[in-house]
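Following: one structure in structure tokens, then a few remarks.
The values are calculated or read from the model by the stated rules, or taken from the named source; none is laboratory data. Only a predicted model underlies this, so the values are computations on that prediction, with no experimental measurement involved. Reconstructed Cβ throughout: ideal geometry from the backbone, glycine too, with neighbour counts over all protein chains shown.
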């Protein structure tokens, strides 16, 4: 399974640069040059259109629709109709005719260059274009405001080497195709007043409205054109030879997600905000963006000395993660591909709490809290879902945009409980690091009660009544479908029960505990059942070998050596008969190792070594989330070479398109795993015990590296060299940390020899 | 799970009679009064149309189409588009206007009566109808020729109490809706010449043509009307008060299943056959039918004295089974609902060899052979299917019309191997009873080799290399989905290997053995692997309890007492969350008991008792095939009450609509199980050992019963009374039978005291 870099962007500490156009990478570039601001995202498509392979995508967080066809399997608990984030208004589109010739990047284009500046979020693209009348230089910029999320900006600068006129047509187009097939919008109203133009359109079944407004900063009158689901404005502008002209488009996109606004009020709001945006100006908005990003880098930057490739890679990851989500709206979540593509339907998975949360927890605690608040706001849907599964409490969906289960593969939706236990783990993890009692008691505890109640009702007692556990489940390792006593599921349920009960006990006197209990209607008997189930949960552990068995019977499964599988058969999902994947001891992604990572504190180094050495050789990493976890273990176990091998493509998975599918969108949640790979892996951070612990190592190829973590609202800088670890923080409030196994009370700086 | 009879048809030895119309049973009656002749079938719908609930169905064996939509799950080995038997030309439709009023049976209809005569296959229906002008009596008859399968007949007799004219319009209509939704026909040609009318239409994707021809025996010229996908002929006929007039329609339906015939040749053939049919006349054809049925009853009747309900029930079953299939065409098979409805898609399942074959084997050996020949003719499709599953050899489909897998539920299609082992068992069973060496060596052995090769490639060796068996399978008990070492699957595979090898050894000198081996290309090593796999197949058996474990881990599953489940939660498939069905020790239908039934000879009475007493209380019989097998065991174990209880609704499942779904079609394959219930259950027939054995018991409520079995081409009559068993046969050739455990050589008659 050798992964090979397909590098074509220049290496730069804070920029992604493509010099010369790479037509065979057209879709990959669209993904890499994606912009987003959590509210919306737009792929790095060409403003003027493209004659190359393209996925022209513009997305709004939480704007979705339902599939047009039902699943043909009609049993209770099986989702009949999935929902997905849809491709929305194309507000970047501009038609350009130079000397009556429509401009499109083609083989004759010269001097093509584009650049994404991660200190401002500005995307710039320029090239030379020759017609039979002469030469032109075109330069496009765009950015999304990180501060005023509705606002977007585009400029087009054209220089001609001869006197001429140029035809321009600026579109707002909602007649866009989702996955190139269907449009999910119907037209509601097109609108213009003075120099403001708008199109308001509505999704087909969810009835969400997307209203897009634009103003064009062009000192002449344009010709308004009314389209089906869109508007455009046409200009014919005069050029003097050698005198550049800049055309600026101000865009405001408003979304009415919950059918609460009238068209009139959307128009009123949009026009008002657009006027403000125009008044503030393009440069003013760009300055605000720079300040936003300066703050992000101050708080979250990872500096790697001596390794410019990973330096660029990890910054790209932090930049994209922050673009996708920084927690300004607790109703947003993180799709597997962020806002950079339509694959994975824009759905949030258990990745949010398990893989993404740590990045926010240690860089942006309020963002972390809001990521968990999404689950609080969608608790009613999780309660409804548990009912569909003949269970009590709350079952969180395996894939969702609106809180309802969006996965129509029952084998995942009805058998995987990582989302539910992942939310419980997220609450535990967040509280453990932040000590945020208010969140825990106002929101977290109620979720914990509902999740515990679900787990109690979905779990079963063995025939002899001695053991509690889960039958017919699929753990994180999706290559074992319908198994009994998956240790991950059993253990996380046990931990969920225990944490729920410990919160109840610890905050017994707080009226919010009683309030949550009353709200859930749980009886004393049910609560005592949590304790009994936790006490008797079956955990398959062999004292002699120190191995945890992934599920009952795993050790007896027919063995397949991953190295014996021909390279062309990967990914197995695409090449093996579906049932064949499930009947051997191949592991898709960490399962036993996953719970040993999450509850690192509970396991000895010997246990970790035994299980890593047993399960790692069986793992084929058919999930992009897998290598980082293995790298973290290898670091802890002193296997530096393995740690580096697994880290090999973590930070640059998309920049170098290791998985050959970056064209469909970035691996946004894997990006978060790459952050963990450095901070948990090399930095040795662990955050599941009462004190945050660190045990930094440094790869021999690095000179030094630095990262920051926020613990209990204090920002701690960690710099690791081959000689020492230097910790520093700005506040002087003492903070307990465990470093290399020893307790330290950190005040300002602390220097530890390695 | 009490099942309650909903009886409304009169009890009669050879007739099914409905006196007075039962509107709430309109669809059930359509099923019960279905006619078929293996070539085609037509539900007992009203010729003149109906204003009640109706499923107006006309079907042709092997005429099918593909679904319009793909399954949304796209993995290798998963069927993307299912196929199904489609609703075809409505050739019975007739519009009747009495005094300008369209006749439809309604609340005011008087004297309604219909009757299905099982000695001729004639369906008669009559009623009185009143208009504002006067009274009418209408009588309809129809039948399908059992001898000339293309031919069908309809008469309409009308009597008026006043002089009047009546408008009649006779249709051939292919614009029919499948399941009330879609029409799967496009029009090709409508045609008429002289007094012959025809419509030729073609299925949408399979391109099969159905050509329907009619001649109307009415002594005046009709008005031909051309329709989309159909034709009609209109008449206005004069009536004298009190003088009945009869109108006869002769129909010929031709099917071009494999796109081999031109429209012109279809028309030529159809017109020719229709002329012959008209010349032969209605009465002539009916006489031929009577002779056909006389022969069936001579060979296959079961006589039950003292129990008119079951007497009628079993005859109805034999009648319907024979209508559905009697083996005139080896390309036909038996759908789960025969030709009586669209449910189960007209698909043949493993029911054909496992539940239906015995009826034919002992009544119509040539039909039995042809049922197996269907599998020989579809061997290429089974080989292709094995390849889709990354396996070798031949994997027979779980559901099919054309030999290809038609089930788009991967959990059944990719995990259940009962069809493949069922075909192997069928070959064994057929050979064991008939001693037909030619079939075995010309066809059977090749199938056995391919099935064995499939089983070898799908099976796996345990991690320690000691045991062979099947991982991730679903046995006959469909409540245990994805289990390892299902004993049924393992044992039937072992038996298949062993039988294949035994045939090879026994007929080693026959060149056909070498020919089949050469054809399959199996190496000596592969053949030796059959033996090694058979020798090491894991069979989970506990010496102490004599229990076979249904699969690895079954005994540890959480226990649910079926009696604790509220009645309204049945069927569980419709009321329980899909995953919930699979995580307990409930059994849907016999699994361990099934292999103990099929290989009865291999197990001791003690073993049968232990396993019956363990598994029966766990079985909820959510398959109509289940109770009969349990009844057969109960009989053998001397549990007369239980045997009778399970037999309770076997023969009258549809007549009394015990399952509340007879309206969708008859449970045709269950009908075969009812036959087994009597002959294997009370008669104690076993046919898996070298000699056919009998051990008759008689339910106390019966005075006597008789059945016939054909063994090695000799027909044996068995009459059982409370005092004795009387065996008789016409030929004098000696035949070895085992009765009550003792060997007898039967010559003419044999009387054994009970």
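Name the residue that is farthest from the other protein chains (Cβ to nearest Cβ), counting only residues in region A:443-463 that are touching a helix residue (DSSP H, G or I) at 6+ places or on another chain (Cβ under 7 Å) and outside any helix (DSSP H, G or I).
Filtering region A:443-463 for residues touching a helix residue (DSSP H, G or I) at 6+ places or on another chain (Cβ under 7 Å) gives A:443-456, A:459, A:462-463.
Those still in the list that are outside any helix (DSSP H, G or I) too: A:459, A:462-463.
Working: A:459: 10, A:462: 6, A:463: 5 Å.
Going through the qualifying residues, I end up with A:459.
Criterion first (under 19 Å from residue A:484 (Cα atoms), in contact with a strand residue (DSSP E or B) (Cβ under 6 Å, 6 or more places away or on another chain) and away from chain A (no Cβ under 14 Å)) does residue B:592 satisfy it? Outline the logic, then answer.
Values: under 19 Å from residue A:484 (Cα atoms): no; in contact with a strand residue (DSSP E or B) (Cβ under 6 Å, 6 or more places away or on another chain): yes; away from chain A (no Cβ under 14 Å): yes.
No; evaluated as a whole, the condition is false for this residue.
Among the candidates A:502, A:523, A:528, single out the residue that is at pLDDT below 95, surrounded by fewer than 21 Cβ atoms within 10 Å (Cβ to Cβ) and at negative phi. Break it down stepwise before answering.
Working: A:502 fails: at pLDDT below 95; A:528 fails: at pLDDT below 95.
Just a single option satisfies the conditions, and that option is A:523.
I need the full set of residues from region B:599-619 which are crowded, with 22+ Cβ neighbours inside 10 Å and under 24 Å from the mean Cα position of the chain (by Cα), in order please.
B:619
Mind checking whether some residue in region A:342-352 is in contact with a helix residue (DSSP H, G or I) (Cβ under 7 Å, 6 or more places away or on another chain) and on the phi > 0 side of the Ramachandran plot?
No, because not a single residue in region A:342-352 is in contact with a helix residue (DSSP H, G or I) (Cβ under 7 Å, 6 or more places away or on another chain) and on the phi > 0 side of the Ramachandran plot.
Only helices (runs of 4 or more DSSP H) wholly contained in region B:585-679 count here; list those with 1 or more residues that are farther than 27 Å from residue B:36 by Cα.
Details: elements: B:592-598, B:605-615, B:626-636, B:640-647, B:668-676.
In region B:585-679, B:592-598, B:605-615, B:626-636, B:640-647 are the helices (runs of 4 or more DSSP H) which contain 1 or more residues that are farther than 27 Å from residue B:36 by Cα.
Take region B:173-188 and flag every residue that is within 10 Å of residue B:231 (Cβ to Cβ) and part of a strand (DSSP E or B). Outline the logic, then answer.
Step one: list which residues in region B:173-188 are within 10 Å of residue B:231 (Cβ to Cβ), which gives B:173-174.
The answer is B:173, and nothing else.
Determine which single condition residue A:332 fails, assuming it passes every other condition in (1) out of contact with any strand residue (DSSP E or B) (no Cβ under 8 Å at 6 or more places or on another chain); (2) in a helix (DSSP H, G or I); (3) more than 14 Å from chain B (Cβ to nearest Cβ).
Single failed check for residue A:332: (2).
Just checking, how many residues over region A:380-412 are more than 14 Å from chain B (Cβ to nearest Cβ), surrounded by 21 or more Cβ atoms within 10 Å (Cβ to Cβ) and not in a loop (DSSP other than H, G, I, E, B)?
Matching residues across region A:380-412 total 2.
So is residue A:424 part of a helix (DSSP H, G or I), more than 20 Å from the chain's Cα centre (by Cα) and modelled with pLDDT of 95 or more or not? Working first, answer last.
Numbers: part of a helix (DSSP H, G or I): yes; more than 20 Å from the chain's Cα centre (by Cα): no; modelled with pLDDT of 95 or more: yes.
Judged against the criteria, residue A:424 is not a match.
Output the strands (runs of 3 or more DSSP E) that fall wholly within region B:27-144 and possess 3 or more residues being touching a residue at least 24 places away in the same chain (Cβ under 8 Å), more than 14 Å from every other protein chain (Cβ to nearest Cβ) and in contact with a strand residue (DSSP E or B) (Cβ under 9 Å, 6 or more places away or on another chain), or say none.
Working: elements: B:40-42, B:58-60, B:64-66, B:83-85, B:94-98, B:110-117, B:122-130, B:135-144.
Filter on region B:27-144 gives B:40-42, B:58-60, B:94-98, B:110-117, B:122-130, B:135-144.
Suppose the filter is in a loop (DSSP other than H, G, I, E, B), facing chain B (nearest Cβ under 8 Å) and either under 16 Å from residue A:617 (Cβ atoms) or modelled with pLDDT of 95 or more (or both); does residue A:551 pass it?
On the way: in a loop (DSSP other than H, G, I, E, B): yes; facing chain B (nearest Cβ under 8 Å): no; either under 16 Å from residue A:617 (Cβ atoms) or modelled with pLDDT of 95 or more (or both): yes.
No, not satisfied.
Which of the following residues is within 22 Å of the chain's Cα centre (by Cα) and at pLDDT below 95: B:402, B:370, B:408?
Working: B:402 fails: at pLDDT below 95; B:370 fails: at pLDDT below 95.
One residue alone meets the criteria, B:408.
Name, by its number, the condition in (1) away from chain B (no Cβ under 14 Å); (2) under 28 Å from the mean Cα position of the chain (by Cα) that does not hold for residue A:510.
Checking residue A:510 against (1) away from chain B (no Cβ under 14 Å); (2) under 28 Å from the mean Cα position of the chain (by Cα), the one that fails is (2).
Can you tell me which of (1) away from chain A (no Cβ under 14 Å); (2) without any contact (Cβ under 8 Å) to a residue 24 or more places away in the chain is the one residue B:580 doesn't meet?
Of the numbered conditions (1) away from chain A (no Cβ under 14 Å); (2) without any contact (Cβ under 8 Å) to a residue 24 or more places away in the chain, the odd one out for residue B:580 is (1).
Within region B:559-567, is even one residue farther than 21 Å from residue B:638 by Cα, at pLDDT 95 or above and facing chain A (nearest Cβ under 10 Å)?
yes
Can you tell me which residues in region B:464-478 are free of Cβ contacts under 8 Å to residues at least 12 places away in the same chain and either closer than 22 Å to residue B:351 by Cβ or more than 9 Å from chain A (Cβ to nearest Cβ) (or both)?
Taking region B:464-478 and keeping what is free of Cβ contacts under 8 Å to residues at least 12 places away in the same chain, we get B:464-465.
Result: B:465, single match.
Would you mind telling me which numbered condition in (1) more than 28 Å from residue A:608 (Cβ to Cβ); (2) buried (at least 16 other Cβ atoms within 10 Å of the Cβ); (3) within 13 Å of chain B (Cβ to nearest Cβ) residue A:481 fails?
Result: residue A:481 passes all but (1).
Surrounded by 20 or more Cβ atoms within 10 Å (Cβ to Cβ), modelled with pLDDT of 95 or more, away from every other protein chain (no Cβ under 14 Å) and touching a strand residue (DSSP E or B) at 6+ places or on another chain (Cβ under 8 Å): is that true of residue B:17 in this structure?
It is false that residue B:17 is surrounded by 20 or more Cβ atoms within 10 Å (Cβ to Cβ), modelled with pLDDT of 95 or more, away from every other protein chain (no Cβ under 14 Å) and touching a strand residue (DSSP E or B) at 6+ places or on another chain (Cβ under 8 Å).
Please enumerate the residues belonging to region B:181-209 that are without any contact (Cβ under 8 Å) to a residue 40 or more places away in the chain and more than 26 Å from residue B:156 (Cα to Cα). Let's see the steps before the verdict.
Taking region B:181-209 and keeping what is without any contact (Cβ under 8 Å) to a residue 40 or more places away in the chain, we get B:181, B:192, B:194-195, B:197, B:202.
B:181, B:202, listed by residue number.
Suppose the filter is farther than 21 Å from residue A:211 by Cα and surrounded by fewer than 19 Cβ atoms within 10 Å (Cβ to Cβ); does residue A:131 pass it?
Against the criterion (farther than 21 Å from residue A:211 by Cα and surrounded by fewer than 19 Cβ atoms within 10 Å (Cβ to Cβ)), residue A:131 qualifies.
Which condition from (1) closer than 19 Å to residue A:548 by Cα; (2) touching a helix residue (DSSP H, G or I) at 6+ places or on another chain (Cβ under 7 Å) is the one that residue A:572 breaks?
Going through the list (1) closer than 19 Å to residue A:548 by Cα; (2) touching a helix residue (DSSP H, G or I) at 6+ places or on another chain (Cβ under 7 Å), residue A:572 breaks only (1).
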